[in-house]
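As C-alpha cells, the structure follows; a few thoughts come after it.
The values are calculated or read from the model by the stated rules, or taken from the named source; none is laboratory data. The shown structure was predicted, so the numbers you read here are calculated from the model rather than taken from an experiment. Neighbour counts run over all protein chains shown; Cβ positions are idealised from the backbone, glycine included. What goes into the accessible areas is simple: the full protein's heavy atoms, side chains included, and nothing from ligands, DNA or RNA. Shrake-Rupley method; radii C 1.70, N 1.55, O 1.52, S 1.80 Å.
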Amino acid sequence: MSDTVYNKENFIQHLEVLKPNGYTLSNEGYYYKDEVNRKIRIFLDADQDFPFDVRFYGAGVQVCFTEVEQIFHQVWQNFSSLKFEHSLNAPTFKKGFRENVIGTSGYQFLLQNRVADTASFNEAFPYLNQLMNASVNFITQYTTLQDFYNYGEGLATGRERASFYNQPLPARKMIIKKLLNISDYSTYSTDVVNHYNQQPDVEEAAFLQALKNYLDTL
Amino acid sequence: MEDVVLAYNGLPLRLYTDTYTVANDYYYNTGELWKFDLQIGSATLSFSYYGKTDFKDKDQGKCTPGYYQNSSFYKYKNGGITVEELTSGTVIGTGQKHLFPINIFENNDNWGFKLGTEGDLIKIKRLFPKTPYNEYYYNKYYEFKIKNDPDPNINQPLRYRSPEDYPPVKGNISSSDYSKVDVVLEDRSDTAPEWFYKKNFGDHIAGWGVSEQQKQAFTQHNIFICWKISHCKENVEKLAIESFQTIYDAFDDKTYNNNPAPYDALQLCDRIVGEILLNWGYFYIHSGKTKFNVDPILPTSYSEEYEAIINQYYNSLVNFYINTYYRTAAQIFPNDTGTLKERSDRRIKYLISILPSSAIGIIPIPHRVEILKMLVNNALYNKDELIALTIIKSVTFPDADEFLGLLLSESVKWNNSNVTLFEALYRRIDDRIMFFGEDNRKAYMLTMYMLWFVSSYNPMNSDTDTDELSDTYEGKPVTLKYESELFFGFYMDNMNFVFKSNNIEAQEEKIEVVPTYKEYQSGIRKTWVSVGVYNIYQAITLNEYKDEDVAIKIPLIGLNAAPNGETQALLPLFFLKYIDDRGDKEDLWTGIGLALDVALTFTGIGNITKLRHLRYLSKIGQAWRGAITGSQRVFLVRSAYYSVQGVAGTFEFTASLTQLFRQYYMNGTDCATYHGVVDNNVNDATPEGQIPDELPSASEEAKKAYKRCKAIDNILFWMQMGSLGMDIYASRMIRKKAKELADLGYPPAWDTGQYLELKVRFQQLNNGVDVLGDYENMINLIPSGSVISGKLTTDIDKINFFNDFGMVQRDNAFWAQLTKNSGEAVDNWKQFRNLNITDEITNVALLADNAKAAKYIAYYGDNNLKSAIASLDKTLRDEFIRQHGHLTPLPGGPGFIKAWTKMTGDALGEFANNVPVLRQFDNMTDDMIDSIVYEMKHADRGAGVRSRIKQSPGDINNVMKPWLQDPAFAYAARDNTNARWLDWRKSIFAKHIFGLGRGFENLCTDGLLDKNSGVFDDVRQRILNATQGTKDIGNGYDFFPSIQLKIGNTENYFVADQLFVKYGVDQFDKDIIEDIIILETKLQTTTNLSARQLEALQNASQGFNVRSLSSASKYDDNIRLNPNSDKLVLPGGASPTFFKLFDKADGTEIQGVTKLN
C-alpha cells in the first residue's frame, strides 16, 4: 500500500483538469452551467473510496429546464405524501455516456484502473476526456426543450424514454407537451390522469390531476 | 542396506522408512543432522535442531535440546507458546508435536526416527580446514557401514560422536567392514562469502607465525563467519527501505560515476545496509567482480587480539541473525508509515534496540556515529537514551580512538550554534536524578571513561606520544586545585566546568575583597576565573586532593604504579566535569555509589595490564601503599544488623592488620601456587577467565592451601569493594569467606610468629559473627514493652521480621517509626508481606505513613490491578500512587496504569493526570493501548487526536477503539465517521485501517461488476437459493455499489455496499421499481450490522431516498440515481430485501449469504 492518501481534495484537483470551458466545478464534484432557461450538470461518474482512490466509470448529463421544474414544483409542494422528492434544480432529462463513447475496452480499463494519484489519473485521462467531450457535444447539439422532447420521442423503447426523462416521466411529459404546445397534450394528460386514477397510489393520482388542472389554466 | 545419517547425539538414523521420509536435510559442519523436512503421508513438517542457547535466556535451565518443528519454535520465540508447551511433546493439530520424539530409548512413537542397523551405510560430511588454508572451503566425506548394533559393551545403541568412533578405511562398498574418506573442495567460487574469506583471511594466513593448530582454528572460525554472512544477507535487507539494486546503484554512482546524488538521497538505514553488504563482498560479486573489491574488515595480520576480534565479529553475526531471522519485515515494522526519514529512523532504532551491544559491531564506527547524530537531533526520552547508550557501549577497545575522535570532530546543531557530538550527547542523555528515570548519563560517562582509559588519549598508554592529541597537552596531565566541602548535605566546590567548542573551560572561583561605593566599607565579590581551556579528553590530576572531601570518590589511578611511589588522581577532564555537575546535586551516599560503579566498570575490562593501577582505587590500596597506617581503620566488618549500641557484632580491619594480611598473601610461599593458577587463568589474553575451585592433581594439603588462599583472595576483594561503599554486602561476604577459612583450618603459618595475630583476629571475627544469634540479638533490641513484640505472634512473623529488617539501620528513629500510632507500620508491613509488595517491604517511612501505605495496599489488593502496579519501577510506582492513589473508585483495570506509564514524563505528560482519559484505557489490551498512544504521539496526527481526546475522552472507546479493533467495521462505517474525526478519516492511518477492512467488499463489488465472473455467479446462486428462486440478479437488475441511502424520511443514512434495483416501465414509460436487493458485506457471519444498517433494515418498508451524488448503474449508463429526486420504494409497502454476505474472515472468498428480512 502506498504511503500517500487520495482524498476528495485530490479528486477535485483532478476534476479541475477536465473542466470544460464555461463550466464551474462544484464542491461536490460536478460541472455546472446555468443558462437562461436551463441548468446543465455534467458528472464524471466515479466510485469514491477515500482515502484510497476513485474509480471512474462514465459520464452523465443532466439538464434542468427551469420552467418545467418550476411548474412541477409548484404543484408538487402541495402533496406531502408523494413517494418522490423534488427540488427546483431537479433534472428534467438525463443521459449517460460510457460504452457508446469509449467502448467496452475503455469501460473495462476504467473499472480496473483506479485513480489514486496523478500518474494513474494521467492514464485514465484520455478516456475521461472523450467522455467529457461527448457530454459537452450533446449539450451543444441539443439546446432547446423542443430538441430534448424530440430526442426523447425518437428513442426506440419505453425503457430508454424512462431513463432519459427524470421520473416521474408522465408528469414532466405533460408539462413539456403543454409548454411546447404539442397537439396531443389534452389527450395525453387526460389519459394519464385516468390511468393513474385506476392505480393504487391515490396520492400520485391526485398530484397528476392537480398538475393537469394547473396546466389547463395556462 | 539403507543410507543413514547421524543425529545430534551421534546416533545413526534412517532417512526413509515406511512411516516417514526425510527431505531437504542439512547438516552441521561436524556432520550431524541439523534441519530437515519430514514427510508423513501427505503432511510435510519442518524440523531443526535447537540447542540450549537457541532458547530464551530465562528458559535455558529447563529446556531440552533436540529437534523441534520450526513453526512451533518460532511461535515459542515470539511468545505464542511457553517453553513447557514446546518441550512437553504436546500433540498439536492432527497428531503433530512441537518436539520430535527423538528419545531413541523409548522409540514407541509411530513416526520417531528409526535407528540404522548393521550393514546400513553411514554418510557424514565434516568441515575440514586444509592446509594452506587459502581456499574456501574443504569438507571431509566419510562413508562406512555399521558393523554392530547395539554396542555390546554398554548395551545401548552405537553412537558415532567423533571421527575417533568411525572405523578405519578399509574394503569396498560390498564388504561388511567398508569404510572410506574423501577430501573435497566445495564449489563456492564467485560467491560473496568466498571473496570475504580470501580477502579477509585466506590470502594472508600463509605468512602468520602461528601453529598449525591455531591456523586450523582460525580457518574454521573464518569459514563460520562466511557461512553466517551468507545467511544474514536477506536479514540485513529486511532493514532497508530501498531494494538491493537501488542501494547498489547509488553506491556505484557515487564511487565510479562521480555522481553522489543518489547516495546522498539514500536514507541512513540504507547506507548502513549498503555498507554492510559492501564489506561482505555482495557488491563486488554483483558487479561481475569488476568493482567494489574493497579492503578487508578483519585483521589481516596476527596479533594477540586476533581470536578475540574474530570471535566478537562472529558473535555479532549470530546475534544479528537470531534477532532478525524469526521476524518478517512486516512483523518488524507493522505500522511502517511516515516520511522516508521517519521510516529510516524507525529501522535504525529497531536495529539498535533489538541487538545487544556486541552485535552492533557489524555497523561501521562512522555509521554508528551517524546514528548518534540522528538521535541527538531530537529530545531523547529514556528509550532513545538507551538506544544511544547501546551504541556507545558497542564500541570495542580497538575502536576507542576512532570513536572518541569522531565524537569531537562531528558536530550537530544546537539552537543556533554547533556543538560537538560529545557535548550534544552529554546534554541529551540525562540522569534525571530529581525526577524518575535511569542514571543514563552516568552510564554514558562510565563507558566513555572506560574507552578513554584504554585509548591513546590516556597518557599512561605508551603510544600516546605518537598521537596528535599529545601535542594538545604535551603528554602531561594538567593539575587542578579541585576542592569540595559538604554544606548542608550538598557539596560545594570551587570549580566550574563549561563546554566550549571542542574543549572544556575550567573555571576557578575567585573571591576578592573589593571596595564598595562607600569608602569605609568593603565587600566580597565572587567571580569565576578561567584557569584554562582544555581538550575534553585532557587527562588531569587533582592537587591537594582529599578523597574524603569530595562528593564523588575519585578513582586513584597512579601515574607511577610502584608501591609507595607517587600517586595522584588521574582522570579525563570530561569525567571531572560530570563529577562536578552531579556532585552539586547529590548527597554523599549517591556519590559513593558512583565510585563503586567506576570500580565495577573497570572490572569489566578484565585483567589487562592497566587495571593493576586500580588497586590504588580504595582504602585498602592506600593501606598497601602505606598511605594510612597503624590503627587507622581500613574496613569495618558489620554484623547482619546495625545495633543501637553500635559496637556489638562488628570487626575492624585496621591498616596494620590489613598490611599483615596482605603480606601473608603476597609475600609468603603458601599462596604462590594459587597466584600461579590465577596468572594462568586470568590474564590479558583471557581477561574473563575463571579461577578453578579446586587445585587438580595435588596432595590433599596442597588442595586445602589452595582453597585457603582463594578464600583470603576473596576477603581482600570484598574488603576493597566494601571500602568503596558496599559495606553491608561486603561484610556478609567477608564473614562467609572467613567462616570457610575457619572450616578449612587456618594456615599452619598462622600458628606462630607475626601471623599468629591473623589467626587470633580471624577467630575473633568468626566468633563475633554468630549468625544463629543474629535473630535473638535483634529481637532483644526491640524496645521492651513496645507494641512490636505483640504483633509478631508467630515464628513466621519473627523470622520474616528478621529477614526484612536485619539489614536495615535500626536507630531510635527506626523504632519510633515502627511503634507510632499503635504500630500501624508493623500492621502495614504484614499486609505488604501478604500482598508481596516486596520491594517496599523495608521502606519504614512508607510503612509508617498509614495513608500512603493504604493506597499501596488498595492497589495491590485489587486482583485486576496488582500485577500492573507491581510491574512498575519503584520510583514510578511512587509517582503513580502520589497522583492516583486517592482514586475512588479505583481504576477498573490494569490498562489505566499501563496507559499512565506510557504518558507520564513524556510528550503526553498532560494526560498523566487526566483521570477521565486514563479510565478509558481500563480494560484495554496492551496492543490497543500502544496503538492509541501511538496515534496520540504521532508527529502529524497527534495534535488533533490529543485535542479531541481532551474535549471528549469517550472518543477513545467510541471512535478510536472500534476502528483499531475492527477494520472491517471501520471501513463499512467510514462514511458515518464522527465529524470531529474527519481529518483522521482522511489520513494515511485511515487508509491503513480501511485497507484491512475493505478487501472483502472490493472482492464482492469487483466481481459483481462483471456478470460473467465467478463471484457474480456465486452470489446470484446464493441469492436464488435463499429466496427459493424468486430473485435473480442476473435477470433485469441494475447494480449500484456503495450507495448512500437516506432512511425513511430522515436525514440518517447508511451505505448499501451493493444495491440491486429491478426497474420496469408502465404504459406511460413511468419507472416501476419491481424489486430492490441490498447486500452488506461482512467479514464473518457473526459480524453484526452497524447501527445505521440496522436502522435501515428495520425501516426498509418506507423506502430510501438517494443521498449519493448522481450515480449510474454499472450495467446501464442511462439508469441513473439522483439525490433528492429518486426514491427507492417498492409498491404496496413491500420491503427491499437485505442480505449479509460474509467470508471466512480473510477477505478472499465468499463463504455464505444470509437473508436478513
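General observations
- Delta accessible area of at least 20 Å² on complex formation, residues of the stretch B:1106-1125, 1.4 Å probe, chain isolated as reference: B:LEU1109, B:SER1110, B:ALA1112, B:LYS1114, B:ASP1117, B:ASN1118, B:ILE1119, B:ARG1120, B:ASN1122, B:ASN1124, B:SER1125
- Calculated FRET efficiency for the pair B:GLU740/B:ALA702, C-beta based, R₀ 22 Å, to 0.05: 0.80
- For residues of B:985-991, the mean tally of beta carbons on other chains within 10 Å: 6
- Between A:VAL202 and B:ARG188, the modelled labels are 9.6 nm apart [label points 7 Å from Cα along Cα→Cβ].
- Measuring between alpha carbons in the structure, the pairs from B:LYS130/B:LYS289; A:LYS178/B:LYS1114; B:LYS254/B:LYS341; B:LYS77/B:LYS198; B:LYS199/B:LYS373 lying more than 29 angstrom apart are A:LYS178/B:LYS1114; B:LYS77/B:LYS198; B:LYS199/B:LYS373.
- Counted by Cβ distance under 10 Å from A:LYS178, the other residues give a net charge of +2, where Lys and Arg count +1 and Asp and Glu count -1.
- Close amide H pairs (under 5 Å, H built 1.01 Å from N) link B:LYS1082 with B:LEU1141, B:PHE1142, B:ASP1143, residues at least 5 positions away or on another chain.
- Surface share of carbon and sulfur [accessible, 1.4 angstrom probe, percent] for the stretch A:157-218: 49
- Number of Lys-Lys pairs in the stretch B:773-980 with C-alpha atoms under 13 Å apart and a separation of 8 or more places or on different chains: 5.
- When the inverse distances between all different Cα atoms of the stretch A:64-218 are averaged and flipped, the Kirkwood radius reads 17.7 angstrom.
- Of the residues A:ARG38, B:ARG1022, the one with the largest accessible area comes first in the ranking B:ARG1022, A:ARG38, computed with a 1.4 Å probe on protein heavy atoms.
- Extension gain, B:THR30-B:GLU307: 0.36 nm per intervening residue step, less the Cα-Cα distance, totals 97.6 nm.
- 3J(HN,Hα) along the stretch B:160-173, derived from phi through the Karplus expression 6.51 cos²θ - 1.76 cosθ + 1.60 where θ = phi - 60°, amounts to 10, 7, 7, x, 4, 7, 7, x, x, 4, 6, x, 10, 4 Hz, with x in place of Gly and Pro.
- Area accessible to solvent at B:VAL760, 1.4 Å probe radius, in Å²: 60
- Annotation: amide H-H contacts under 5 Å for B:ILE1073 (H modelled 1.01 Å from N, sequence separation of 5 or more, or interchain): B:GLY1064.
- Linear extension gain, B:ARG161 paired with B:ASN812, 0.36 nm per residue minus alpha-carbon span: 227.6 nm
- Relative contact order for the stretch A:18-80: 23 percent, from Cα pairs under 8 Å spaced at least 6 residues apart, divided by residue count.
- Estimated FRET transfer efficiency (B:GLN213, A:SER120; beta-carbon r; R0 60 Å; 0.05): 0.35
- Interface B:A - total buried accessible surface [probe 1.4 Å, Å², rounded to 100]: 4100
- Here's the list of lysines a cross-link from B:LYS125 could span, going by alpha-carbon distance under 22 Å and ignoring same-chain residues fewer than 8 apart: B:LYS35, B:LYS114, B:LYS140, B:LYS145, B:LYS147, B:LYS170, B:LYS180, B:LYS215, B:LYS228.
- 1.4 Å probe, heavy atoms, protein only - residues of the stretch A:151-165 losing at least 10 Å² accessible area vs chain alone: A:GLY158, A:ARG159, A:ARG161, A:ALA162, A:SER163
- Of the peptides B:384-390, B:954-960, the order by per-residue mean of other Cβ atoms within 10 Å, starting with the highest, comes out as B:384-390, B:954-960.
- Ordered from longest to shortest, the equivalent ellipsoid semi-axes for the stretch A:32-133 are 33, 15, 12 Å, each the square root of 5 times a Cα gyration tensor eigenvalue.
- For the stretch A:178-195, Karplus couplings with θ = phi - 60° (6.51, -1.76, 1.60), whole Hz, Gly/Pro x: 5, 5, 8, 6, 6, 5, 8, 3, 5, 4, 4, 5, 5, 4, 4, 4, 5, 5
- Full extension of the segment from B:ASP1010 to B:THR300, taken as 0.36 nm per residue of separation minus the current Cα-Cα distance, would add 248.8 nm.
- A 1.4 Å probe run over the protein chains yields, for chain A, 42 Å² of accessible area per residue, whole-number rounding.
- Long-range HN-HN contacts of B:SER46 with modeled amide H, under 5 Å: B:LEU38, B:ASN70, B:SER71
- Solvent-accessible heavy-atom area per residue, rounded to whole Å², over the stretch B:773-980 at 1.4 Å: 43
- Of the listed residues B:LYS442, B:LYS233, the order by accessible area with a 1.4 Å probe, largest first, is B:LYS233, B:LYS442.
- Legend: calculated FRET efficiency, B:GLN1098 to B:ASN1035, from the Cβ-Cβ distance at R0 = 35 Å, rounded to 0.05, equals 0.75.
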